[in-house]
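Comments concern the structure below.
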Amino acid sequence: MFSAVLSRSTDIGDVVGAIGPDLFDALSNERRRRILCIIDESDRALSATDIAERLTERQTGITNPSHGDDEYKRRYVSVYQTHIPALAKLDLVQHRNGTVTSSAHTAAAASLARKSEKGRTA
């Protein structure tokens, strides 16, 4: 575990250099920014269901969203079909066997996402 933490890049410049302009395209989407933060804040592997639940809570204020709820369903479909694959393709997260975990670039990308969110609300 300790070696995994040491190998994670927290330098935004390293991530921009490694991924290039596609990073900014990925971060231009609010849900992707929030998903990166959710994954970065987690201390365990998450499923698309876990991510969609947390995303629904953050975006709507609904706590413990029902899986039958339209707000949850919309987020689950976009998380599963669009956002996780896009983030994994850029190596911003790791997606294997139905679970999503941090990659070497998650922390720095999430930091950039948080800065972007602060800039939008200022």
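So the values come out like this:
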{"quantity": "Hits in the stretch 41-72 - residues which are crowded, with 19+ Cβ neighbours inside 10 Å and assigned to a helix (DSSP H, G or I)", "calculated": "ALA48, ILE51, ALA52, GLU53, ARG54, LEU55, THR56, TYR72"}
{"quantity": "Residue match in the stretch 79-91 (condition: farther than 30 Å from GLY13 by Cβ and surrounded by fewer than 21 Cβ atoms within 10 Å (Cβ to Cβ))", "calculated": "yes"}
{"quantity": "Test: residue in the stretch 54-75 that is modelled with pLDDT of 90 or more and under 12 Å from the mean Cα position of the chain (by Cα)", "calculated": "yes"}
{"quantity": "Residue match in the stretch 93-114 (condition: of a type in the set (A, V, I, L, M, F, W, C) and touching a Phe, Trp or Tyr at 6+ places or on another chain (Cβ under 7 Å))", "calculated": "no"}
{"quantity": "Qualifying residues in the stretch 3-20 (those that are assigned to a loop (DSSP other than H, G, I, E, B) and more than 27 Å from GLN59 (Cα to Cα)) - the one modelled with the highest pLDDT", "calculated": "GLY20"}
{"quantity": "Scope the stretch 73-105; condition in a helix (DSSP H, G or I), farther than 17 Å from ASP25 by Cβ and not charged (D, E, K, R); matching residues", "calculated": "TYR76, VAL77, VAL79, TYR80, GLN81"}
{"quantity": "Some residue of the stretch 62-76 being touching a residue at least 24 places away in the same chain (Cβ under 8 Å) and among the basic types (Lys, Arg)", "calculated": "yes"}
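The values are calculated or read from the model by the stated rules, or taken from the named source; none is laboratory data. Quick caveat, the model's predicted, so the values are computed rather than measured. Methodologically, a virtual Cβ is constructed for each residue, glycine included, from the backbone with ideal geometry; neighbour enumeration extends over all protein chains shown.
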